[in-house]
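Working notes, structure below.
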Amino acid sequence: MLNRIMKAQRLMDAACLRLGRPINVMEVCGTHTVSIFRNGIRPTLPEGLKLLSGPGCPVCVTDQGFIDVVLELAEREDCIIATYGDMVRVPGKSGSLETKHEADVRVVLSSEDAMTLAERHPDKTVVFVAVGFETTTPATAVAVGEAAKRDLKNFCVLSGHKLVIPAMRALLSDKNNQIDAFLCPGHVSVIIGSDAYIPIVEEFGRPCVVAGFEPMQVIEGIAEICRQVANDAPEVVSIYEGVVSREGNKTAQALMDTYFEPYDGFWRGLGRIPGGTLRLKEAYEQFDAMRRFGIEEIPAEEPQGCRCGEVLCGLAQPMECGMFETRCTPDTPVGPCMVSSEGACAAWYKYGRRRRRNG
Amino acid sequence: MDEERDKRILLAHGGGGRLMGSLIATKILPRFANATLGQLADAAAVKVGDTSVLFTTDSFVVKPLFFHGGDIGKLAVCGTVNDLAVAGARPVALSLALIIEEGFEMALLEKILDSAAEAAREAGVEIVAGDTKVVERGAADGIFINTAGIGTRIADLSMKHIEAGDAIIINGAIGDHGMAIMSQRKGIEFDSPIQSDCAALSPLTCAILEGTDGVRFMRDATRGGVAAVLNEIAAGARHDIELVETQLPVNAAVQAAADMLGFDVLDIANEGKVIIVVSQASAAAVLETCRAHALGRQAAVIGRVLEAADDEAIVEMATVIGGRRVVQMPYGRELPRIC
């Protein structure tokens, strides 16, 4: 392992030296962010190499307006809110699900659990708050299919599912972006396949390297990015061999296509992204919570002073936010990047504080 | 928001993290103000006549009640025995109080009592007092247990004795209890399921304290795991701590389950693991005593105590890939009802 690390480090050093300017690598996914911190990778990188945490944490990219919709539904006496754990703590304009004591909020581990809840509580409507990228969407699709088959009338989905590629495109379309390359998430790539990144390379000329979450994968992924940047030879490379195929998981893709369609939904920090969010197709509209309750998604302002939006775009580091570590901590989160364990602010807080203080 | 948090108890108030710390410091301690309680030790030192007795209590609300490697009965005995053991005591006697939900199956109750009795026998303590309450359906989740215990002091252990250069030893692999419970709750199955390490530590701690010198301080790494204990030690002793990741004993299945669920093994609860801070000179002898004992076969030196480099003492870890990172106090909301 030591040999591989040293080889990767030599590649990085050589690239930084040759380029003579900083290289900014965005790790798109929150799982990579956590792996980088947990394994202490940052201090081993050359000085000129900067890692930017991207919009890959589902809870973090969920727009404030969506959170407010969830809180609004939670106030209805005829609803049970079924959600993944982290969503419970994201603050909206009127507290969070955690502090809404009158609301019936259940933390579920899967879409299947949410459906079981609906079967057990026929007198209530279970709203499954479905967030996540291509990794969780197929499971939601299965649940909707199953609900349709069982004619489950009191189950619906509030979809905040997101797509990775449109987000990458939106980031690069911003002329202020400082991104030289992407470290692409292993698990999303298992579903969408590495070929999905080809348009990004062709359109924007940025390297896209797919890596797993083991520290060696991350280091070698970054080294491969450095090699490409230094040689000005961007391409899609997967070093997650044997796990990620070029075409991805066709079954999961077909499931998503059957039940969902992309639309121009809102993202925190990134605004409206063309084709970036998924909603249920018209044939399944009876399971769409937005349509069932006649709700419109209105983008809401972020909490005052919160810079999660900029952090998600790689335009600010967590500690550049005036509230980081002071008003905003994991116990008293102001923005979602401090709530989710995969959020950039939470990761900096948990693993990186001292190192920052010491420069 | 902040006001809302102050109005009612949240799960995080019982999670062993910062919110719980502030609840204890601002609501509980001032009302019972006394020097013994104020030390917040694993067990309180009380003089009974001329004898120094260590006294402690703990409540158990684990879910599920039965898990691989134990159940709430065994846990209730081991938990209190361990609080006494790590405080430097030989446990003598326990009380056991049951709060049972109406309708709870008698056969399950007997199973729980049997394993409590067996655990007490193994730890060499007697259960000498008890209480039984039944509450209406829905007022408790099956069964809750409280135990209290007393022991005689065999060593004077304190964070104040810790010095730079001391070694940090653990008696075996970390994260087993928490991961056994979590994987069971989340329905993750392995070919051979992860077993909780739930065990009474007093036979091991007594062997160490009676057979070696140089032990400064011990604490069992329960809620909040090794990360919590080491941070408590760093803050209490005002010394930095350096952990070496490659030295940390972790079972492969536990590591796999933790990775899958996004947990850091350092944050995960144990129920049969003790962190021992020992002088450099005695480290080898303590390690040998551990490894010779059934409860310490996988014991290892996992780090050392350093002079604090800053006002705030911290725990840092040298990682597998040659990097470094801070090991923070867990926030204590990740695993409710783990014990």
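The values are calculated or read from the model by the stated rules, or taken from the named source; none is laboratory data. On a predicted model such as this, the values are computed, not experimentally measured, just so you know. All Cβ positions, glycine included, derive from the backbone under ideal geometry; neighbour counts span all protein chains shown. Accessible surface areas use protein heavy atoms only, side chains included; no ligands, DNA or RNA. Shrake-Rupley method; radii C 1.70, N 1.55, O 1.52, S 1.80 Å.
Starting from a Cα-only point model with no solvent, please compute log10 I(q)/I(0) by Debye for segment B:15-131 at q = 0.20 1/Å. With no solvent term, the Cα-only Debye profile gives -1.19. Shape verdict for chain B, please, from the Cα gyration tensor: rounded (a/c under 1.5), prolate (a/b greater than b/c) or oblate. Rounded shape, in that the Cα axes give a/c under 1.5. Between A:R327 and B:A235, the FRET efficiency from the beta-carbon distance, with R0 = 30 Å, is close to 0.85. Please give me, ordered by residue number, the GluC sites (Glu not before Pro) of segment B:84-155 that lie in loop per DSSP and have at most 16 other Cβ atoms within 10 Å. Taking segment B:84-155 and a limit of 16 other Cβ atoms within 10 Å, the loop GluC sites (Glu not before Pro) found are B:E102, B:E105, B:E136. Note on the protein assembly as shown: Cα-only Rg and Dmax are 26.5, 84 Å. Surface composition of segment A:69-220: carbon plus sulfur atoms hold 48% of the accessible area, using a 1.4 angstrom probe and ignoring ligands, DNA and RNA.
Taking the Cα centre of segment B:280-339 as reference, the dipole from Cβ charges on Lys and Arg (+1) and Asp and Glu (-1) amounts to some 440 debye.
Using only Cα atoms, locate the centre of segment B:142-183 and the centre of segment A:159-182, then give the distance between them in Å, rounded to an integer. What the calculation gives is 47 Å, centre to centre. The relative contact order of chain A, computed from alpha carbon pairs under 8 Å that lie at least 6 residues apart in sequence, is 22 percent. Note on chain A: GNM, Cα springs under 10 Å; of A:K153, A:K281, A:K175, the largest mean-square fluctuation is that of A:K175. Using the Cβ-Cβ distance between B:A207 and B:A33 with R0 set to 35 Å, the FRET efficiency from 1/(1 + (r/R0)^6) comes to roughly 0.40. Using a 1.4 angstrom probe on protein heavy atoms only, the contact between B and A buries about 2900 square angstrom of accessible area, both sides summed. The convex hull defined by the C-alpha atoms of segment B:269-318 has an orientation-averaged projected area of 4.8 nm². Note: relative contact order over segment B:261-339, using C-alpha pairs below 8 Å and six or more positions apart, is 17 percent. Mean residue ellipticity at 222 nm, helices only, chain A: -10500 deg cm²/dmol; runs of at least 4 DSSP H residues each add -39,500 (n - 2.57), and the sum is divided by the number of residues.
Here each label is just a point 7 Å from Cα along the line to Cβ, and for A:K124 and A:K175 those points are 5.2 nm apart. The accessible area of A:V210, taken with all protein chains in place and a 1.4 Å probe, comes to roughly 0 Å².
A dipole drawn for segment B:159-326 from +1 and -1 charges on Cβ atoms has a positive end, and of B:V305, B:H161, B:G178 the residue lying farthest that way is B:G178. Projecting the Cα atoms of B:V315, B:L248, B:P203 onto the charge dipole of segment B:159-326, computed from C-beta unit charges around the Cα centre, puts B:P203 farthest toward the positive end.
Each part reduced to its alpha carbon centroid, segment A:37-51 and segment B:31-49 end up 46 Å apart. Expressed to the nearest 5 percent, the antiparallel share of DSSP beta bridges inside segment A:89-202 is 10 percent. Accessible surface of B:R90, taken over heavy atoms with a 1.4 Å probe and every protein chain present, rounds to 100 Å². The modelled label-to-label distance for the pair A:A14/B:T132, using points 7 Å beyond Cα in the direction of Cβ, is 7.7 nm.
For the set B:K74/B:K273; A:K162/A:K350; A:K149/B:K186; A:K100/A:K124; A:K50/A:K162, the pairs lying more than 20 angstrom apart at their alpha carbons are A:K162/A:K350; A:K149/B:K186; A:K50/A:K162.
Once you sort the root eigenvalues of the Cα gyration tensor of segment A:308-353 as a ≥ b ≥ c, which label holds: rounded (a/c under 1.5), prolate (a/b larger than b/c) or oblate (the other case)?
Rounded, because the longest to shortest axis ratio a/c is under 1.5.
Given their separation in residues at 0.36 nm each and the Cα-Cα distance between them, A:T251 and A:R4 gain 85.4 nm when the chain is fully extended.
Rounded to the nearest 5, what % of the DSSP beta bridges within the protein assembly as shown are antiparallel ones? Taking every DSSP beta bridge with both residues in the protein assembly as shown, the antiparallel ones total about 55 percent.
By DSSP, the beta bridges lying fully in segment B:41-153 are antiparallel in about 75 percent of cases. Remark: spin-label model distance A:E241-A:D78 equals 5.8 nm, labels positioned 7 Å along the Cα→Cβ axis.
Ranking of B:M218, B:M106, A:M1, A:M323 by solvent-accessible surface, largest first: B:M106, A:M1, A:M323, B:M218 (1.4 Å probe, protein heavy atoms only, all chains present).
Counting only protein chain heavy atoms and rolling a 1.4 Å probe, the accessible areas of B:T289, B:T147, B:T132 rank, largest first, as B:T132, B:T289, B:T147. With all protein chains kept in place, the per residue accessible area of segment A:308-353 amounts to 27 square angstrom at a probe of 1.4 angstrom. Residues of segment A:74-101 buried by at least 50 Å² of accessible area upon assembly of all protein chains, compared with the chain on its own (1.4 Å probe): A:E98, A:T99, A:H101. Ignoring aspartates and glutamates fewer than eight residues from B:K27 along the same chain, the ones with Cα atoms less than 15 angstrom from its Cα are B:D6. Sorted largest first, the principal axis extents computed over the alpha-carbon atoms of chain A equal 66, 46, 37 Å. Work out, in µm²/s and without decimals, the Stokes-Einstein translational diffusion coefficient of segment A:1-151 at 37 °C, 0.692 mPa s, Rh from Kirkwood over C-alpha pairs. Value of D from the Cα-based Kirkwood radius: 177 µm²/s.
Per residue, segment B:41-153 exposes 46 Å² of solvent-accessible protein surface, assessed with a 1.4 angstrom probe and all protein chains in place. Measuring nothing but how far apart in sequence close Cα pairs (under 8 Å, 6+ apart) lie, relative to its length, segment A:308-353 scores a relative contact order of 29 percent.
Fully extending the segment from B:E122 to B:M260, taken as 0.36 nm per residue of separation minus the present Cα-Cα distance, adds 46.2 nm. Give, as ranges by residue number, the residues of segment A:99-129 whose backbone N falls under 19 Å from the point 7 Å along Cα→Cβ of A:K149. Within reach of a label on A:K149, which here means backbone N under 19 Å from a point 7 Å along Cα→Cβ, segment A:99-129 contributes A:110-120. Taking 0.36 nm per residue of sequence separation and removing the Cα-Cα distance, the A:A283/A:L109 pair yields an extension gain of 60.0 nm. Atom-type composition of the exposed protein surface of segment A:308-353 places 52 percent of the accessible area on carbon and sulfur (1.4 angstrom probe). Look at where the Cα atoms of segment B:244-294 and of segment A:290-337 average out, and the two centres are 38 Å apart.
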